[in-house]
Amino acid sequence: MSDRESRRSFWGILGLYVAGSSICLQVVDVLGQNISMPSWAFSLTLTLLLNGLPITAATAWLHSRPVRGADESDPDPGLEHRLLTWRNLAMGGIGALALWGVAVTGWLLIGEDEPSEGEVLAEIQEIDRLVAGSEFGQAYDRVADLDAWIRDDSLRDELWAKVSRPVTFETEPPGATVSRRDYAPADAEWEVLGTAPVEVNRFPLGQSRVRIELDGYRTSELAMPSGWFADLGPVQLRREESMPPGMIPVHASAGSDAYGLFVPGLEQAPNLALGEFLIDRYEVTNRQYARFVEAGGYDDPDCWRFAFVEGGDTLTFEAATKRFTDATGRPGPATWDAGTHPAGTEDLPVGGVSWYEAAAYACFAGMSLPTVYHWYAAADPFSSNHVVPLSNYGNGPAPVGEFQGVSLDGVYDLAGNVREWTRNASGESRFILGGGWADLEYSFNDAVTAPAFDRSPLNGIRLVSYTDTTNVAAASAELPLAFRDYRVEQPVSDEVFEVFRQAYAYDDVPLNARLVSADTTDVWIRERIELDAGYGGERLTTFVYLPRGFEAPHQTVVYFPGSNVIYRRSYEELSIDHLEFLLRGGRAVVFPVYKGTFERGTDLRSDIQDESNHWRDHVIAWTKDFRRSIDYLETRDDIDTNRLAYLGVSWGGAVAPMMVALEERLRAVVIVVGGLLMQDTQPMADPFHFLPRVTQPTVMINARWDSFYPLETSGRPFFDNLGTPEDQRKLVIIDANHGVLSYARDQVVGEVLGWLDEYMDPVR
């Protein structure tokens with residue numbers, strides 16, 4: 001063979017090898033997508049083919065030239081000719097193929113399937129959905145399962161940041177074992193995190209339980225969102241011998257700033273700093289109460305330290321205690337029989353006791369009934385969406401601790417099972433909190449009173465010990481309970497309402513609008529606009545958020561926020577992160593800076609209505625700010641003023657009737673966790689009188705366990721008094737607390753968008 005032919009033969013063989021390799025790689029790629037082969041199958045194929053290339057090249061070169069010395073006098077053709085043969089090459093290829101087949105087959109049979117890129121993307125989308133719905137536990141588990149398959153470190157870090165955060169646990173003294181478990185279900189396993197101080201880089205977001213154990217010290221069990229754990233600081237452990245049996249410290253209130261009662265009807269009670277206190281982990285049981293009865297507690301005047309008052313009259317000890325008997329006339333709770341509790345009920349919470357019996361038992365035990373302040377500090381109504389679903393409502397009394405609804409500090413049965421008497425009076429009645437097993441779930445968040453002599457089977461006891469008596473006397477004071485029964489109130493007449501309307505009129509002056517600044521993100525363009533407010537010579541700032549990537553003119557939602565903005569004094573703190581779903585869907589958002597908020601701050605410090613001219617004047621100013629902003633929108637070509645909507649959240653929902661009743665340019669109204677307040681206010685500033693004048697299509701999204709606007713006494717009366725035609729109004733009830741935008745975000749977003757699409761048309 002000539003040298004030219006030899007070269008042609010050599011390159012031809014190499015070309016065939018490369019072409020065959022390319023086809024082979026394509027086949028493996030297709031198979032990988034269809035039968036879920038591991039990602040390394042392609043890499044293994046490429047490695048084997050690359051290793052085969054120099055062997056094939058050497059063999060082809062050797063066989064394309066004459067064998068030197070291959071004659072009768074030289075029987076050995078050379079080592080290379082013995083090894084680099086086409087037969088050996090073929091056998092090597094078969095071996096490589098067999099190796100590849102064994103590896104892939106073994107993986108498919110016993111290995112873990114690696115998800116495809118499409119499956120990974122779908123899983124990430126599911127994680128995002130779970131996070132949006134605050135289902136952090138499930139989202140965390142999915143990220144953990146996906147972690148091994150993510151090749152991009154930045155994507156991995158991004159996913160973990162969505163479902164976890166770093167938390168450091170410290171204890172005083174150090175050395176305690178720290179364990180974690182999911183808040184629910186009850187059989188969730190404890191995972192040991194380490195010995196304090198311990199740093200946890202990926203602590204799950206959402207509600208978790210943490211147990212802290214150290215020999216010789218009372219075990220602490222905390223149930224908190226991850227952010228609270230992060231800010232908890234060192235947990236002070238208490239020596240077992242220094243703690244009364246069954247009691248635990250309330251970490252949340254120790255050394256706290258002034259504590260307010262964010263409870264309907266008690267919002268205007270004074271804020272008080274609370275010292276640390278201990279509280280029963282469980283309600284007082286029949287077994288425990290029996291010791292009081294057996295010790296002759298009903299006959300011991302020393303245990304009965306409070307005057308028996310009924311109808312303004314003071315009863316004698318003998319006359320009062322004659323009432324405190326069971327079904328057979330023996331001393332004891334109303335639920336007992338023959339002076340003792342029914343068999344098998346030892347661990348049930350004692351029920352059927354009056355306030356006087358509860359106070360006497362507290363004296364006998366050397367403890368106290370909690371004040372309303374201390375009870376709510378331990379219960380924390382903000383945690384109702386976690387506590388209530390796992391609590392005992394509607395099931396009859398259950399052994400203490402059986403239901404897993406547990407407070408921040410590890411206190412059981414604060415919701416349901418039995419109601420719990422507190423120290424504070426309201427007239428001749430006393431506050432009894434938490435609701436009983438036969439009550440509705442929202443009772444957990446209600447400030448309820450009952451006559452001090454009431455012996456309902458649902459009335460029970462929990463005790464406290466005030467290790468720090470700071471403000472205990474002040475917290476024990478009588479608390480007048482504000483309550484309005486909106487079922488019997490009547491709105492003002494049309495004639496009176498016209499007088500109100502005139503008070504809300506603003507000056508007919510030019511807007512004198514000016515663009516102050518503009519900034520952008522990938523979602524929106526934000527313009528800061530200043531214009532004449534139409535009253536008092538003031539200037540009004542309005543922020544206009546325009547959606548990027550959508551054609552003008554834009555449907556627009558005018559926003560009224562929650563009361564947190566009252567306490568903010570800088571536009572730098574203004575955020576609409578929770579409203580970005582509107583902008584991503586193509587609708588503009590307008591955020592007027594209402595008088596008393598941000599840079600327009602005043603001496604207003606609360607969103608709770610009162611009877612002052614000061615409050616009335618602010619309500620009127622907010623309404624003018626709202627309407628004046630709409631006047632400005634009408635001057636813009638990029639705003640569709642035939643498709644304007646109102647969105648009020650919390651405080652913005654409570655004041656919505658004034659905004660909406662006086663503004664006819666709105667096509668739709670959305671109110672999230674709003675309702676009527678219990679406090680009286682001047683009629684001109686009372687939302688109740690404006691509700692019948694609201695006629696626009698309105699959806700209300702309320703939370704079943706809302707502590708600010710209770711469903712039955714606040715949210716539903718608001719809805720029932722709307723003037724909107726029945727077929728154009730909707731009440732949505734979500735199983736959550738006031739933080740529904742966090743805990744059930746997907747459901748809220750779906751309802752909001754559905755309503756806007758129905759009454760303002762879908763965005764094209």
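I'd like to know if segment 359-380 contains one or more residues that are assigned to a helix (DSSP H, G or I), aromatic (Phe, Trp, Tyr), at pLDDT below 90 and over 25 Å from His341 (Cα atoms).
No; the residues of segment 359-380 include none that is assigned to a helix (DSSP H, G or I), aromatic (Phe, Trp, Tyr), at pLDDT below 90 and over 25 Å from His341 (Cα atoms).
Answer yes or no as to whether Glu221 is out of contact with any strand residue (DSSP E or B) (no Cβ under 7 Å at 6 or more places or on another chain) and not hydrophobic (A, V, I, L, M, F, W, C). Steps first, please.
Numbers: out of contact with any strand residue (DSSP E or B) (no Cβ under 7 Å at 6 or more places or on another chain): no; not hydrophobic (A, V, I, L, M, F, W, C): yes.
No: the conditions fail for Glu221.
May I ask you to list the residues in segment 673-716 that are within 25 Å of Tyr743 (Cβ to Cβ), of a type in the set (Val, Ile, Thr) and in contact with a Ser or Thr (Cβ under 7 Å, 6 or more places away or on another chain)?
Val673, Thr698
Could you check Arg181 against (1) surrounded by 14 or more Cβ atoms within 10 Å (Cβ to Cβ); (2) on the phi > 0 side of the Ramachandran plot and say which number it fails?
With (1) surrounded by 14 or more Cβ atoms within 10 Å (Cβ to Cβ); (2) on the phi > 0 side of the Ramachandran plot applied to Arg181, the lone miss is (2).
If you go through segment 271-286 one residue at a time, do you hit one that is in a helix (DSSP H, G or I) and either out of contact with any helix residue (DSSP H, G or I) (no Cβ under 8 Å at 6 or more places or on another chain) or at pLDDT 90 or above (or both)?
Quick first cut of segment 271-286, residues in a helix (DSSP H, G or I) only: 286.
With either out of contact with any helix residue (DSSP H, G or I) (no Cβ under 8 Å at 6 or more places or on another chain) or at pLDDT 90 or above (or both) added as a condition, the list becomes 286.
Among the residues of segment 271-286, at least one is in a helix (DSSP H, G or I) and either out of contact with any helix residue (DSSP H, G or I) (no Cβ under 8 Å at 6 or more places or on another chain) or at pLDDT 90 or above (or both), which makes the answer yes.
List, please: which pairs have Cβ atoms under 6 Å, are six or more places apart or on different chains, and start with a residue in segment 596-616 that is under 18 Å from Pro264 (Cα atoms) and end with one that is buried (at least 17 other Cβ atoms within 10 Å of the Cβ) and aliphatic (A, V, I, L, M)?
Gln609/Leu677
State all residues of segment 199-249 that are more than 20 Å from Ala379 (Cα to Cα) and under 18 Å from the mean Cα position of the chain (by Cα); if no residue qualifies, say none.
Within segment 199-249, Phe203, Pro204, Leu205, Ala230 qualify.
Applying the selection to segment 104-135, what residues are of a type in the set (Asp, Glu), modelled with pLDDT under 85 and closer than 18 Å to Leu205 by Cβ?
The one that is of a type in the set (Asp, Glu), modelled with pLDDT under 85 and closer than 18 Å to Leu205 by Cβ: Glu135.
Looking only at residues in segment 305-355 that are in contact with a strand residue (DSSP E or B) (Cβ under 9 Å, 6 or more places away or on another chain) and part of a strand (DSSP E or B), which one is surrounded by the fewest Cβ atoms within 10 Å (Cβ to Cβ)?
Thr314
How many residues, within segment 731-763, are of a type in the set (S, T, N, Q) and buried (at least 20 other Cβ atoms within 10 Å of the Cβ)?
Result for segment 731-763: 1.
Being more than 19 Å from Glu294 (Cβ to Cβ), of a type in the set (Val, Ile, Thr), touching a strand residue (DSSP E or B) at 6+ places or on another chain (Cβ under 9 Å) and not in a helix (DSSP H, G or I) narrows it down to one residue among Val400, Val388; which is it?
Testing whether each residue is more than 19 Å from Glu294 (Cβ to Cβ), of a type in the set (Val, Ile, Thr), touching a strand residue (DSSP E or B) at 6+ places or on another chain (Cβ under 9 Å) and not in a helix (DSSP H, G or I) leaves just Val400.
Among (1) within 22 Å of Pro204 (Cβ to Cβ); (2) in contact (Cβ under 8 Å) with a residue 12 or more places away in the chain; (3) among the acidic types (Asp, Glu), where does Asp231 come up short?
(2)
Do we find that Ala252 is outside the structural domain of Gly460 (by TED's automatic domain parsing), among the aliphatic types (A, V, I, L, M) and modelled with pLDDT under 95 in this structure?
So Ala252 fits the description; yes.
The values are calculated or read from the model by the stated rules, or taken from the named source; none is laboratory data. It should be emphasised that the depicted structure is a prediction, and the values quoted were computed from it without experimental measurement. Quick reminder, even Gly has a Cβ in these numbers, built from the backbone with ideal geometry, and neighbours come from all protein chains shown.
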